[in-house]
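Student: Before we start, here is the structure in question, set down as structure tokens.
Please treat every number below as a calculation from the coordinates, not as lab data. Note that the structure is predicted; figures quoted are calculated from it, not measured. Note that we place each Cβ from the backbone using ideal geometry, even for glycine, and neighbour counts take in every protein chain shown.
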């Protein structure tokens, strides 16, 4: 089974992708309105919470943190998928990533934008949020550089900026195609954003170099950002949090939930935008295998955590662990283990891997498991801890649920806007991939790629009328900038 | 200006109690709680409410765990010692009462985690909480093994002090609004007044000049407050007589039977509050 | 402001600079003085009074009025407001300490539900009137020209002492035979009568510090006692090495029981038998001299062999033996009695039996000495008794009372429900309540006279229990009145005396003047050889007058009384035990938010009622902590959440006292239940005291009432193996810390 139809025409690629960006149908609007409604829900809850205080979220002593922080970690985790696909797989030349990395990267940026909201929502006095930044004042007051929360602020803002830039840079050749096919405000937008891309050699050379540098820059950043988030817990002294395996555990969990989210969005985009030509079953299968591998790493790290706590004989830590197994939160814990460690075995079956509806459901189940995992990290520790006088069980209020719910709306809205404004499949990279694959049929790939004597079948991104497509083909329809 | 400041602070950050003594501290306020004398009567707790403008949150919020008792008296029923033939039917030895206030740890776990340094160590050895600086991340409370930090989950001013109850509010310290973490300060306002008075009169602080509200009111004088740097203070002598030292994760006592201990000492928080064990017959 | 309020200027001049004690004034609250009224020149605080240092608290001595113990307090006053009360370190009563109720005194004073104006019942409802109208209404009823019949006037008060008591006596006398009922739910009337019979004094002095062992039959020394802070301080000394042993015998755990070395639950009502059993063991196995006891009593003791005692009391033989052993080995010891033994159907006999142990063990003269007498009987504390309440209810029911005055007591709340005092009060044509709050009794009144709070009023108090050093405690205002239309108790009494046109009182402009005069009249020997003005100022500064005690010797005669035991009741299988704790006290502090939120010391419950049940009984009834039960006696029922623990005798249920107010302000109203409403009519045969511990009830599980759920502080009942409150043995303690 091939990853992509090698015979597809350049113009067809342009046409398909550009088509996905125009004329939103009714379903799109309904989805968008639903997302906005979810956001409205959260905003209302938010306003109420700020008016009356954090107590409305049912937060208490000792449960100072709850769903907000758990969901924050969840969204940060989600952001790792884009980096994995675009940067790591780019560097290791896994070219099957090409049809799907663009929306994964967008997902990275948007989930970071979602995640970034949670520390604010969670703060008691959000209007003083800027105090965590080391801005220069006459008073010489600085943030506390020892605090993992300050590291968080740095790590997340750096990661958000970098991933947004990375997303943007990777889109430039495609934006040029859009520019060439757009009218009205879209024309202006793409003209500005494509930064005068003409697709000449010098531009391509610089583009590739920049892209590679950014990819190399982003990989350690991605690893570090979730390690730093994990240090919010690992750096504390609380039993159940003070665990040295947390950084890799968090990174593995992040990649895991990110991959699962890619599968979800893969299925949705493939179905709604009829991207069957690009998002092939074969690519899905590869993504599934990757997810499966990460799931196993995550499960292994889970077991390590349990085993080391068990072996360590630190009584409070053991109590927290036992409480996870049999305590008031145990049902959620076991659902999480089932979703996160047992369900991925579905990936082992080729039939299932290739069955799109199953994979859709499974990916959602996996992410439910991952969300529960984050909750199971935050809450059971707080409900036990060291001091028995503060043992408590707490359930989040509707305010918290509304805001968590709304965060999905926020992410959905950003993503929906994105797919209609920007190409959600990388046109030039798909062309590259097709070219590549054709070349692989018999020739040395490098020779194919770098040979100037071949056909005009060079992956070109900027030629009028949808690119020099061998064998003609209809020009892609122009984008209406209504 | 500021860069200079950050560099200075940086070296401060790296200084911990393990660097060898408390050479740059002016005082080291500490306490001792004699559980042999404590009856668990709760007077200290109410005195704290009176002195420190603690909000009364009401039944519902108390039930949710949003109470604000800086000084809390814990009561535990101990499991019967079956080997010693203790009754399983009755709590024959009564309860174990434990007054808990902020332990003013020298290696306070709450301090490094605050993103804005709203909680920090004063040159008095106090673990201070700057309400105005607090942004309400609540990390400090999560990281306090004693769970001695209380958060203003709501604005309590209107509900807790209806007129004219608000006239009782102590003007020496603020009423905290929602979104701020608070905790026992060893009545820092009283320390401040005593220090100011002493310096105005050009005299050194004497042991006994400062009495926090809980210590003052204790009917059994189970609580003792003082300066641990001043080796002549009543408190220092008490610590010494019970062979408890600061800066240790484990006390190596010559006489193992001495009663002094610090709660969760093994976590290396280095608390400034020493407890003296409860005594029971048999 | 009414005429005999102390004018601020004058007030300052009087208090002035004679001594360290200067009361304050200063800041006038906007609520009391407005520019429009033009009654006061508003003086900027830029020019404060001489002694007011803005930003600095000044301490003034006074006396705590939260319970009758009479602890000395220092009020911290800043900018004319009292902010905090602290124990007066030189007061021999409390030696600097103060209990939680004392700390909460400021919340009684600043309580938002205070009465601010006199109220007169007009056409069925109370409406605000001026003092002139209120006094006119009084004049009509009890004035010199009224046709009042002295025998049909009654005063019902709580514990009253000092010069207020003098004025009250004068008033009662002028009314010609008006009856004074003194009622306190928390009283030691039975023990006082036993003491009277045994030692010839109602209040001997107890010396915990001299005792090596204390056996307490329900005496909640450090909690609800005659002088909680004093006994707590004594307790601390008692616990120093060599450490005294405390054994507590009671059916449900009190705060003192929670601190005992050995807590022994006896079947309610059988403590007397246990005392006899201990005596039996002491005589038979520890060679105690039985000849110290009356021979008749000796014979009775013989009947109480340990096997019988175990059957009667439920206390195992080996426990009785070990108690006797401790008492025999640790001399001198001290036997004390408290509510659980005194307030039963055989309270007098049981208390006498317990007190007999003091004679047998030779403690009299050692740990129990004479109080030495108090030279001013007219000032001495008149402490309450439940018998007075029963008599009052009887008289009211018969219509034998025309006019009644209430002060410092809330009988509609604290009286047993079967007395139906509300109906009884209905038969009294004119009821006057002198009160700070609109409590249940005040709401029944026809005339309500709003009192100034304890922190705004003058007074002297003689503590009911005087430790080694006797005092007359001085109460002075710590700030100006919050509400100008309130009046001090002494001022109101003086007003009434003026209405009666009683010779000798009409000259005083106010109570303050009366007090000064009274101080001037004190014999010179109490004045430390200074003149009257200095003495006055010294007293204000120290907060009390020391009264030297005479060293009177004490002899004791054990009483020869048979101990009787309560009968069984098959239909009502459980005993009802009132759980009275330091905090709510008898319910008078239910309107203080701090005390509502301060967890009960034993159960850690806040803001409501609870019932304590032993795990055995709970499992039999299928109950767990937090479940609701209906506690039903022949007189009624209450529904209350359960706390299951091992500090209560099986087959009994202890219900907390203090909640269940129908009135009494926003913090108290409609919260919890009042178990006193279901008390049975049992009384102690000898003294006529109501037997608070003598009610039989049955219990059934009912649906949870969401408004009244049990809210407790703390997430764990045990230390789960952590080293939080660690314990060592007394043997080690005495070795390492013994002198």
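Student: Just report the Cα centroid separation between region B:125-187 and region A:1-34, whole Å.
Tutor: 56
Student: For region C:276-351, state the average projected area of the convex hull of the C-alpha atoms over all orientations, rounded to one decimal in nm². Could you put the intermediate results ahead of the total?
Tutor: Values: hull surface 21.2 nm².
Orientation-averaged projected area of the Cα hull: 5.3 nm².
Student: Could you work out how far helix A:356-383 tilts from the main Cα principal axis of chain A, as a 0 to 90 degree angle to the nearest 10?
Tutor: Long axis of A:356-383 versus the principal axis of chain A: about 30 degrees.
Student: Grab the DSSP H runs of the protein assembly as shown that are 4 residues or longer, score each as -39,500 (n - 2.57), total them, divide by all residues and round the 222 nm result to the nearest 500 deg cm²/dmol.
Tutor: Numbers: 51 runs with 584 residues, N = 1503.
Here the helix-only value at 222 nm equals -12000 deg cm²/dmol.
Student: Taking each residue of B:149-156 in turn, how many C-beta atoms of other protein chains fall within 10 Å of its C-beta, and what is the average? Present the calculation step by step, with values, prior to reporting the outcome.
Tutor: Details: counts 3, 2, 8, 5, 12, 5, 4, 2.
Rounded to a whole number, the mean comes out at 5.
Student: Once you have the alpha carbon radius of gyration of region C:78-203, what is it after dividing by 2.2 N^0.38 Å, with N set to its residue count? Write down the numbers at each step before the final one.
Tutor: Values: Rg = 20.1 Å, N = 126, 2.2 N^0.38 = 13.8 Å.
Expressed relative to 2.2 N^0.38 Å, the Cα Rg reads 1.45.
Student: Gap in Å between the Cα centre of region C:267-317 and the Cα centre of region A:172-223?
Tutor: Spelled out, the Cα-based centre of one part sits 101 Å from the other.
Student: Next question, about the same structure. How many percent of DSSP beta bridges within the protein assembly as shown run antiparallel, rounded to 5? Please list the in-between numbers first.
Tutor: On the way: 68 of 118 bridges.
So the antiparallel bridges in the protein assembly as shown amount to around 60 percent.
Student: Here is a follow-up. Treating each Cα of region C:317-455 as an identical point scatterer and ignoring solvent, apply the Debye formula and state log10 I(q)/I(0) at q = 0.16 Å⁻¹.
Tutor: -0.94
Student: What is the mean number of Cβ atoms from other protein chains located within 10 Å of the Cβ atom of each residue in peptide B:92-105, rounded to a whole number? Each step should come with its number before you reach the end.
Tutor: Values: counts 9, 7, 15, 14, 8, 6, 5, 1, 4, 0, 0, 0, 0, 0.
Counting Cβ atoms of other protein chains within 10 Å of each residue's Cβ and averaging gives 5.
Student: For chain C, just the Cα set please: Rg and Dmax, both in angstrom.
Tutor: Every Cα atom of chain C included, Rg and Dmax give 26.1, 83 Å.
Student: In addition: What is the Cα coordinate range of region A:318-361 on the first, second and third principal axes, sorted by size from largest, in whole angstrom?
Tutor: Rounded to whole Å, the extents work out to 42, 15, 9 Å.
Student: If eta is 1.567 mPa s and T is 4 °C, what Stokes-Einstein diffusion coefficient results for region C:189-369, Kirkwood Rh from Cα pairs, in µm²/s?
Tutor: 82
Student: May I ask for the angle, rounded to the nearest 10°, between helix A:26-52 and the longest principal axis of chain A, with both axes built from Cα atoms and the value confined to 0 to 90°?
Tutor: 30
Student: Average partner chain C-beta neighbours within 10 Å, per residue of C:703-715?
Tutor: Values: counts 0, 0, 0, 0, 2, 1, 3, 1, 8, 3, 11, 10, 14.
For this peptide, the per-residue mean of nearby foreign Cβ atoms is 4.
Student: First obtain the Kirkwood hydrodynamic radius of region C:574-712 from its Cα pairs, then insert it into the Stokes-Einstein equation at 25 °C and 0.890 mPa s, and state the resulting D in µm² per second as a whole number.
Tutor: Details: Rh = 15.0 Å.
It diffuses with D of about 164 µm²/s by this estimate.
Student: Let me ask another. Taking the beta-carbon count within 10 Å as an exposure proxy, list B:120, B:146 from fewest neighbours to most. Each step should come with its number before you reach the end.
Tutor: On the way: B:120 19, B:146 25.
Lowest count first: B:120, B:146.
Student: How many angstrom lie between the Cα centre of region B:255-282 and the Cα centre of region A:64-135?
Tutor: Rounded to whole Å, the Cα centres lie 46 Å apart.
Student: What Kirkwood hydrodynamic radius do you get for the protein assembly as shown when you take the inverse of the mean 1/r over all pairs of distinct Cα atoms, in Å? Walk me through the numbers before you get to the answer.
Tutor: On the way: mean 1/r = 0.0273 Å⁻¹.
One decimal place: 36.6 Å for the Kirkwood radius.
Student: Cα convex hull of chain B: mean projected area in nm², to one decimal? Walk me through the numbers before you get to the answer.
Tutor: Values: hull surface 72.7 nm².
So the Cα hull casts an average projection of 18.2 nm².
Student: While we're looking at this one, here's another question. Between 0 and 90 degrees, rounded to the nearest ten: what's the tilt of helix A:148-181 against the longest Cα principal axis of chain A?
Tutor: In chain A, helix A:148-181 runs at an angle near 20 degrees to the longest axis.
Student: Rank these for me by crowding, B:68, A:398, A:413, going from fewest to most other beta carbons within 10 Å.
Tutor: Values: B:68 26, A:398 14, A:413 19.
Going from least to most buried by this count: A:398, A:413, B:68.
Student: In which sequence would A:325, A:266, B:264 go, from the one with the fewest C-beta neighbours within 10 Å to the one with the most?
Tutor: On the way: A:325 13, A:266 24, B:264 21.
The order, fewest Cβ neighbours first, is A:325, B:264, A:266.
Student: Translational diffusion coefficient, Stokes-Einstein: compute it for region A:10-450 using the Kirkwood radius over C-alpha pairs as Rh, at 25 °C and 0.890 mPa s, and state it as an integer in µm² s⁻¹. Walk me through the numbers before you get to the answer.
Tutor: Values: Rh = 23.1 Å.
Translational diffusion coefficient: 106 µm²/s.
Student: Relative contact order of chain C, please, whole-number percent, based on alpha carbon pairs below 8 angstrom and at least 6 residues apart.
Tutor: On the way: 1675 pairs, mean separation 134.9, N = 739.
Here the relative contact order equals 18 percent.
Student: Run through the DSSP bridge list for chain C and note the antiparallel percent, rounded to the nearest 5. Could the numbers behind the result be given before it?
Tutor: On the way: 50 of 92 bridges.
Restricted to chain C, the bridges split so that about 55 percent are antiparallel.
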